[in-house]
Each structure stands twice: as structure tokens, then as C-alpha cells.
Amino acid sequence: MRLLRAPALGFALSSVVIVSAAFFTATPVRCEALILIDADSGKVLRAENATYPWYPASTTKLMTLYVTLSAIRDKRITMDTLFTVSQNAAMQAPTKMGFPVGTQVTVDNALKMMMVKSANDMAVLLAEGIDGSVDDFAQEMTETAHRLGMSESSFVNPNGLPADGQIVSARDLAMLARALLHDFSDYSFYWHIPAIKWGRRVVRNYNPLLGRYAGADGMKTGFICASGFNLVATAQRDNKRLIAVVLGAPSGGARAMKAAEMLESGFHQNPLAWLTPSLGTVDALKPMDSAPMDLKDQMCGGHRKRAPAEDEDIDADNTGQSAADMIQQHSILLSALRAPTDPVLLSDLGPVMPVVVYTGPTRTQAEIANLQALPEADGAAPKKKSKSKAADKPASTKSAAVKPAEPAADKSAAKPAAAKPAAKKPAASGKSASTSQ
């Protein structure tokens, strides 16, 4: 009887494990969505909740970039095309450049500011300049996403500020990153600019992997309270290029370490990888019919000493918080079938050569060189304290009363005639005000 009971007990335990695994596969247990793919083949190397609907936050700007580059390819605009800051663009919540209404910016400079500083006003500037309105541009974004196979994605604004209909998944973002690499490789410069220089002020790219993880060359970070900390990262070593997507990380440092650990496992051949089942290709993953995960309480609830912000990676580097996040990440036990991770994945940030940005028409190389030669401002610019719900304010919030002035060092920029905002109230910014957060 003992010989018969042992196999039966083993079968029962196996059944419990299988049922439990199925349950936890369908339900995000760590409030994170992850995917790692090979950029060339689209093969999925790792996936956790990869098709779970998620709020994209500023990773939205990758689609804004794709649509803008498509407009350039189709000769609807050029890099030198001038767009004008509208009242709607000026009203966007931080992070933004804060140019006065009527300021003109080239497509080239707007893209640099949007991708490095994650400037919400520059995303709206591009949307309105290309399609006339945020609503029409958002429709083009959604149509483009579906054409690329991003079946779970929908967009209502170009910058990722909170909105109910602004939805993606880790799978869809990996497909978007792959499309950018394939369709617009000649423009890869835009997603790995290390820093920009506006007047005397230098702003580092918010992507914490650039300059710190070997081979990292893109793409975009994002954060709102409902989404947590998001990151789409690309890296290349030898002839192998990988794409990692992390959604819902608890902090900027944790987001960076998770992406680095995923990339590292993908670059190092695992001798036991043949034991794990194939996950197929990214486009073959089945979408999940569910409402997006809302992390507002975890990210910005009353237990937080302060509300986090998009640029927390910069804060972390200055306060040492990122080091604590690294220790926390390495305390997590890795699967026995996954290659061990190098304990030192992210090096210290070194000096960078910032790319000059400016307002007005395209400058000559000599003029740009003069701007590059301007001495950098002493110390970091003073940071505004985040209000408790600042990261969850919709794009249509009435905050247009404050108009940051242009840096004194760049007064040579041509000032447009319409330098003052119109007296009448701007039109609503479309569906971006619709949010359950």
C-alpha cells in the first residue's frame, strides 16, 4: 500500500503545482509586466504578464516618434519644418520645456527635447503640427499601432499623460521598439542621445541604462502613478540586439536593474535553456482581455513620503537610492534555469557630450558651435517639489498661468511675433482629460 500511496501523493502535489502555476500566470502577482525579445527574429526569451494591458506613461512618445518619422518619410514634413507652441501645448503638465505660446521649434529640436527630457509640450507641438489636433494625431497613432500588429494598444494623446484610453502592453511596446529599429534605423540617434544642452543648462537622458549598461542604446522611460515605472530598453553586443520592456517597477532604480538583469541573461548563453519550453515569437503572443493594472495606490498613496516623478532616476543618482534598489533587486532569487547575473551590471555615470537644442529656425554649424561653447550653469537647476498628485494630472489641467522664460544665454533665438498667449480659453485637449486615476 505504501508503494501505491507515494505515486498518488506525488500526482496530487503535481496537480496543485500545475493549477497554482496556471492561476499565477493569469494574474500579475508582482504588479509587473516584462518581456525580453531578440530584435532580429522577434523570438521571445522571457515573458511575464507580457500581454496584460498597461498604461504606457511616457513610453507613449515612442509611438509619437514613429508617427513623426513616418511623416518625414512620406514627405509631409521635414526636420527643418517649424511648428508653433500653442496654448494647449503650453498647458501640458511637467515634465516640459515650458516655452511661451507662439515660440517656434523645428521638428528636429522638438524630437530631441521630447526623447531626452520627455517634454510633454513638445509631444503636443508635434501632434498639432503634423495632424492639426491632438485627437487626429492620436487616431493616427492608434491606426499605426494596429498596422504594426499592436492589437492591444490605443492612444488618446501623444505624451502619455493619464487617460483611460491610453493603453498598451509589454508585448506591444516590444513590437513598437522592433519596428523603430527596423523601419527607421537611420534615425536611431534620437533614442540614444545622452543629454541635451539648452542655453547653459544640460539635461541628462532619463533612460538610466545609457552610459551605464554595456551596449545599451535606447529607448524610453515613463512614469505616472497608475503605471509605475516603465522602461523600453535596447542593447547590442557583437551581432546580437535585444529589446527589454519593464512595466510597473516600484522605482526608477528597480526599473533599471530589472532591465539590465533581463538583458544580461539574454546576452549570456544558458546551457540549460533547452530544458525550458519555447515562448514563440512576440507577434504570436495572445492578447489578454482585461482592464489595465492600476498602481496608483502603491505608487502614490499616503504611505509614500513624496510622490515619485518621471525624473526620479536623476534624483536616485544624487541620493544613493539607486544603490539601495540594486541591493533589493539582487536579493530576489533567480530561477534555477536562468543564467546567474553579474553583480555589477550598471556602472557609474560618466561625463557626456550634450547635443545642443534651441528654438527658432535651423541654425548654421557655426551658430550651433557657439551655443555648444557656452559654459554650463553652475550646479543643478533648482527642482520643484512635486505635489501629491502631480504625476496623475491629465493633460488638460489648467496650469497655463505660469510661463517659464527662455534661458538668458539663448536670447539670440529669433522671437516669434505672437509671444503672448491668446486671451480666449484654449480648446479642450481631446480625450486626455478622461482618467480613472
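The values are calculated or read from the model by the stated rules, or taken from the named source; none is laboratory data. Keep in mind that what you see is a predicted model, and the values were worked out from it rather than measured. Every residue, glycine among them, receives a Cβ derived from its backbone with ideal geometry; neighbour counts consider all protein chains shown. Note: accessible area is taken over every heavy atom of the protein model, side chains too, but ligands, DNA and RNA are not part of it. Shrake-Rupley method; radii C 1.70, N 1.55, O 1.52, S 1.80 Å.
Some observations on this one:
- Placed amide H near Phe229: partners under 5 Å, 5+ positions off or other chain: Gly248, Ala249, Ser251
- Residues Thr142, Thr362, Thr59, ordered by accessible area of protein heavy atoms at a 1.4 angstrom probe radius and largest first, appear as Thr362, Thr142, Thr59.
- Based on alpha carbons, the Rg and Dmax found for the stretch 122-174 are 10.8, 30 Å.
- Ranking by accessible area, most exposed first, for Cys31, Cys225 with a 1.4 Å probe: Cys31, Cys225
- Max-minus-min Cα coordinates of the stretch 77-132 on each principal axis give 27, 23, 17 Å, with the largest extent listed first.
- Sulfur and carbon atoms: percent of accessible area, the stretch 116-210 [1.4 Å]: 46 percent
- Less than 5 angstrom separates the built amide H of Ala195 from those of Asn205, Val355, all sequence-distant by 5 or more or on a different chain.
- Members of Lys61/Lys240; Lys117/Lys240; Lys117/Lys220; Lys96/Lys220; Lys96/Lys197; Lys220/Lys286 lying beyond 20 Å, as alpha-carbon distances in this model show: Lys61/Lys240; Lys117/Lys240; Lys220/Lys286
- Charge dipole (Cα centre; +1 on Lys/Arg Cβ, -1 on Asp/Glu Cβ; no other charges) of the stretch 159-284 amounts to roughly 560 debye.
- Tensor-based shape of the stretch 99-201 (alpha-carbon gyration tensor, a/c under 1.5 rounded, otherwise prolate or oblate): oblate
- Probe 1.4 Å, all protein chains present, accessible-area order of Arg363, Arg204, Arg255, largest first: Arg204, Arg363, Arg255
- Vicinal HN-Hα couplings computed from phi for the stretch 211-221 (Karplus, 6.51 cos²θ - 1.76 cosθ + 1.60; Hz; Gly/Pro x): x, 10, 10, 4, x, 5, 9, x, 10, 7, 9
- Only protein heavy atoms count here; under a 1.4 Å probe, Arg178 has an accessible surface of about 70 Å².
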